[in-house]
Each structure stands twice: as structure tokens, then as C-alpha cells.
Amino acid sequence: MNPKANIIETVINHLCHSCGACSGVCPTDAIGFYETIAGHIFPEVNEEQCIHCGLCLDVCSGQHFNNTLMHNLPEDPFTGNVNNAWIGKATDPAIFENGQSGGVVTAILARAFQSEKINTALVVGMDEGNPPRPSVRIARSPIQLIKSQKSKYAPVPLLSALRILKYEDFPVAIVGVSCQIHSLYNIFDKVSGFSQNVAFAIGLVCDRVMTMAAIDYLAEDFSKEMPYQFHYRDKKAGGYPGNIHLIATDGKSKIKPAKQRMLIKDYFTPARCRICFDKMNIFSDITVGDPNGINDADNTNGESVVICRTDKGRHLIEEAIKSNIVKLKQIDYEKIIAGQKINRKRMDWNAYAEVWKKNGNKIPDYLDRVKHETIFDIKNYKKSIYYSLKLDEFQTRSDLLLFVRKALKKKRNRDLLKLPVKMIRKLAKNA
Ligand SMILES: Cc1cc2nc3c(=O)[nH]c(=O)nc-3n(C[C@H](O)[C@H](O)[C@H](O)COP(=O)(O)OP(=O)(O)OC[C@H]3O[C@@H](n4cnc5c(N)ncnc54)[C@H](O)[C@@H]3O)c2cc1C
């Protein structure tokens, strides 16, 4: 039998979204991760340990959807199927105040511990350090859940932790962005019996992540020696939606306006995120997000929108309401879709997918199943795909940070799509 290709094929084709599934299923523990110049988190394979079984590629949703995802791809993949939608918050003040939006994700997980539905939850914390970095955590108690609250807008190989889960850790709940949830379902199709170990999956609305270099950019003028905590958004710093908050171990802290995070988004967006259609995390049992664009939401203290997609999800929400761990009221899903600007997402995705194909880049096998619409002008989209694909061609991290700082100094460049082609070309020349 010919040896099969391994996960490096996904990385070479710019299709890796760092979900960690390849490493989580590898039978010989041959796959680890490294941070690139631009701050992508990519798998690396120990060729001596690799037995070329091909399982890492079989579960990789960066490249393809297996049967379950293919068969359940809804008519409108940008919105997905929905039973019911809600808006509200956790009733426990500690969970609510420390939460990113309304703390609903953590409240539901905490309740699942109490009712013995789960033994562990796979979540993502932020490690204090210099530099600080997100890390996968296996939470075994509500306290550990609270320590992992808030969004880490970064690539995190969440599913790599599956390989260290033991029999007694099951059933496990998984919280993940859409690429992580896609690969979870791919694993269900390829690893026999594994789906029974997963009690439920909570999906986060996700437009995209930023590479790890975004943390370094936002913290550039902070502590050079001291370890520090980093929060992309902290409600304790300026109220909802929360400013950027850095806290050093000696107690010194700095708050930066949320606007700075928004300004740099395009400069640190991985190319793979550009061709992801699934902002609304349509395959999860429930999807949770911010109440963006919803007028009557509590935009002072924060709330979560909750979209129920499956029977499992419905039971979770009904129980959460009955046991009074969350206070939710029903809301029209159309309102959420409008607030998340899904029509704009649809348009952008179509243009990015078109550019990707025209470039001759390899496409994920389900791309043509996601509806294509007429594309009018792809010039600007071409620029930003080109830019994202070149991110790892800076010679050093400092060169990249300097480039972004210079670009942002010119007000007109704050929208990457308006960045002059000349400047992007220079990027390639620098490399
Ligand atoms: C990368 C990313 C992009 C997002 N984009 C949007 C968006 O465009 N629009 C929108 O409305 N909402 C978005 N969200 C979701 C939003 O920021 C909140 O996470 C969500 O509203 C839940 O808030 P909460 O207070 O209920 O959760 P909390 O109680 O604060 O719990 C958050 C949970 O998310 C987990 N988590 C954090 N970061 C990650 C990660 N990188 N991967 C996997 N799990 C993680 C934590 O471990 C924790 O369990 C995004 C989240 C992430 C991580």
C-alpha cells in the first residue's frame, strides 16, 4: 500500500485553520504545533513517528467535509437551521461579570457539571506570560470554567486535547468556533464510537480570528520583562463590550480602546478565515454570540444571543431556564442574522471564494456546495487575499508589526481593502 499524505498538505495549500483535529486523532502522537513568523499556529509532523495512515487528513475540515457535514449542509449555509433563538444572561453574578457577553456559555456548562451531564469541558484559557498566549484547557469544575471565560480571537488547536482525554473524562462538552466544530463532526465519522463521548457542542459565532502577532502588536508598548495577563475584551475595563486590558504581575495595568482591536483585524486575518462561510456555527447544538445590532439588548452590561439548533440544544436551554441559571427571552432569529450582517458576509465570502479559485489555490471540497452569487468587483478582495497569503513572508515578527504600524499611521489605510497595491507589493519585496 502506498503511504498516504499527511496534514502538511493542508498547510502547504493554505487550508489549515488550526483546529487541532489532526493531532487529536494521530495514533502515534506525531503531530505538534508551532507559531509562524506571522503568528499562525500550524501543525508539524515528526516524520520518524508518522506512519502515513492518513487519519489526520481524513478528519481535516480545512480540506473537506465528511458524510455528516455534507449531508447536513442546509439550504442556506450562512444561516443554518434553527429551532429557536434567545437573548439574555447568566444569573450568577460571578459568571455574568467575568463573561464575554452575557456569560451564557459558562452558565450552561456549569449547570451540565451540576446535573452530571458532563465530566469535563474542553475550553480555551489565556495563559499569563511574556508574551501571553491562549491555551486549551480541560475544565473539570465551574471554577475552572470561570478561569477560561472570554473570547480569545486567535487560532487555537482545541481538538488536539482529545488525545489526552481519558475514559473517566467522558462525557465531555466542547466549546468551539466553527472550524473546530466542523472537524469534530469529521472525527465522529472517522473514529468509531467517539461521538458517544461528546455530550454536546456549544458553537461560538465567529467571523474570523487574528494571528498571534495581533497580541504582540496590541501589547507592544507594555511590559517588556514582566509576565502579564492579556484580555482582548474585558467588561471590567470600560463596561460592555469591553476594552483591551493588560495586567502585569507587579500590578501595573493598561486599558486600550476596543477600537484598536477592530482597526488591526484585517492586518492579522489568516487567509483561511477569508473562505470560511460559517460565521453562525451552524452545526453546533447551540450557537452563542454577542447581541450585535439588536436595539433592545442590554448594551451597557452585556448579553448573549443563543441560537438553538438541535434537540440536544433545546433540552440544554429548557433546563437552563428551568433551573434559573440563565434569564433568557425569545428573539426573532432574523434580527440576529441582520445584526451579524450575514448578507454582507455572504457577499464577501462569494468574492473571496472567487478570488481563491481564480488564483488556482486548492479549494475545500464543499466550497461549490455553498451557494455562489454574482460577483461584481473582486479587485479589493484580491488585494486582501494576496496580503493574507503573504503574511508569513515577513523576515521577522518585528518587521510585520512595523509594517502594520506604518500602514495604520496613514488614516486612509485603516481599511486594508483600501491599502495601496504598491504597499502590499513592498511587503512581498521585503520578504
Ligand atoms: C475567535 C472568535 C470570534 C468571534 N466572533 C464573533 C462575532 O463575529 N460575532 C459575535 O457575535 N460573537 C463572536 N464571538 C463570540 C463572542 O465573542 C462570545 O464568545 C460569545 O458571545 C459567548 O459569550 P459568553 O459571555 O456567553 O461566554 P463566556 O462565558 O465568556 O465563555 C466563552 C467561552 O468561549 C471559549 N473560547 C474562547 N475563545 C475560544 C477560542 N478561540 N476557541 C474556542 N473556544 C473559545 C472559552 O473557553 C469559554 O468557554 C467570537 C468568539 C471567538 C472566540
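A few comments on the model shown:
- Summed side-chain charge close to ASN83 - residues other than ASN83 whose Cβ falls under 12 Å, Lys, Arg +1, Asp, Glu -1: 0
- Of the residues PHE194, PHE230, the one with the largest accessible area comes first in the ranking PHE194, PHE230, computed with a 1.4 Å probe on protein heavy atoms.
- Nearest-10 value in Å² for the accessible area of ILE337, using the 1.4 Å probe: 20
- Rounded to the nearest 10 Å², the accessible area of GLU47 at probe 1.4 Å: 100
- Cα-based shape type of the chain, given that a ≥ b ≥ c are square roots of the gyration tensor eigenvalues and the cut on a/c is 1.5: rounded
- Distance violations [Cα-Cα > 20 Å] among LYS341/LYS390; LYS259/LYS409; LYS256/LYS383: LYS341/LYS390; LYS256/LYS383
- Mean residue ellipticity (222 nm) of the chain, computed from DSSP H runs ≥ 4 via -39,500 (n - 2.57), nearest 500: -9000 deg cm²/dmol
- A simple rule links phi to the HN-Hα coupling: the Karplus curve 6.51 cos²θ - 1.76 cosθ + 1.60 with θ = phi - 60°, which for the range 252-269 gives 5, 9, 9, 10, 10, x, 3, 4, 4, 5, 5, 4, 8, 3, 4, 6, 10, 7 Hz, with x for Gly and Pro.
- Förster-model FRET efficiency, 60 Å R0, GLU75 and LYS252, C-beta, rounded to 0.05: 0.70
- Note, ³J(HN,Hα) from phi for the range 98-104, Karplus 6.51, -1.76, 1.60, rounded to Hz, x at Gly and Pro: 8, x, 6, 10, x, x, 5
- Inter-label distance for SER195 and LYS409, nm, one decimal - labels placed 7 Å from Cα along Cα-to-Cβ: 5.6
- Remark: spin-label model distance SER323-LYS379 equals 5.7 nm, labels positioned 7 Å along the Cα→Cβ axis.
- Anchor LYS327: lysines whose Cα lies under 16 Å away (excluding residues fewer than 8 positions away in-chain): LYS89
- Sum of side-chain charges, ALA38 neighbourhood, beta-carbon under 11 Å (Lys, Arg +1; Asp, Glu -1): -3
- FRET E, pair ASN301, ASN13, Förster distance 35 Å, beta-carbon r, rounded to 0.05: 0.20
- A simple rule links phi to the HN-Hα coupling: the Karplus curve 6.51 cos²θ - 1.76 cosθ + 1.60 with θ = phi - 60°, which for the range 353-362 gives 5, 5, 4, 4, 5, 4, 5, x, 6, 5 Hz, with x for Gly and Pro.
- With every protein chain in place and a 1.4 angstrom probe, the accessible-area ranking of ASP250, ASP278, largest first, reads ASP250, ASP278.
- Sites matching trypsin sites (Lys or Arg not before Pro) across the range 95-141 that sit in DSSP coil, with at most 15 neighbouring C-beta atoms within 10 Å: ARG140
- Ranking of HIS52, HIS315 by solvent-accessible surface, largest first: HIS315, HIS52 (1.4 Å probe, protein heavy atoms only, all chains present).
- On a per residue basis, the chain carries 44 Å² of accessible surface, using protein heavy atoms and a 1.4 Å probe.
The values are calculated or read from the model by the stated rules, or taken from the named source; none is laboratory data. For clarity, every value in this text was computed on a predicted model and none was experimentally measured. Note that we place each Cβ from the backbone using ideal geometry, even for glycine, and neighbour counts take in every protein chain shown. Ligands, DNA and RNA are stripped out before the accessible areas are found, and what is left, the full protein with its side chains, is counted by its heavy atoms. Shrake-Rupley method; radii C 1.70, N 1.55, O 1.52, S 1.80 Å.
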